[in-house]
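Please read the structure below before turning to the comments.
Derivation of every value follows stated rules applied to the coordinates shown; laboratory data play no part. The model shown is predicted, which means the values in this text are computed figures rather than measured ones. Virtual Cβ from ideal backbone geometry, glycine too; neighbours counted across all protein chains shown.
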Amino acid sequence: MRKATDDVTDLKGDQTLQVFDGRVFKSGVNWSVNAKATTFKEKNATGATREIQGAKIILKNTQAKTTDTNQSSSLSNQKDVEILADDKNTSTTTLFGNENGKQVKGWSDLFWDPEHVSLDIPQNQAKLGTFESVVTWTLVDQAFK
């Protein structure tokens, strides 16, 4: 739900990640959504960069739902998702998807309350400043891998 202004800080309600699978395959096509984040960095006026190493973005109590009413569908998700913000990290975090050859057709949503998003910063890494990280969400389709 949006309030009257277009300011993105003026939003209310859950944050949602949505996937639509309208393919005609009957079964056996797995998909998932993965995420990874860059290291939190700050550039100052002189161009010097400071980093926060080992930070994690944590989404608590995520929930998944689908419009697929087929009883053989299987949408899975992690309840608590940790996304490591590290440029050197080559692995991704799987948030939700279908697996084991069970089809999930139509719209599938992963949603969470933005009030339950936290940032975990390791000991001796907290710094004053404005640090940024880019989260990349990737839809992985096993049929085309």
Pairs from K41/K79; K41/K105; K36/K102; K41/K102; K43/K105 whose Cα-Cα separation, in the structure shown, is over 32 Å:
K41/K105; K41/K102; K43/K105
Does segment 52-139 come out rounded, prolate or oblate, given a ≥ b ≥ c as the square roots of the eigenvalues of its C-alpha gyration tensor, rounded meaning a/c under 1.5 and, failing that, prolate meaning a/b above b/c?
prolate
Mind giving me the FRET efficiency for A45 and R23? R0 is 35 Å, r the Cβ-Cβ distance, nearest 0.05 is fine.
0.10
Trypsin sites (Lys or Arg not before Pro) restricted to DSSP loop in segment 66-142 with at most 14 other C-beta within 10 Å:
K79, K88, K127
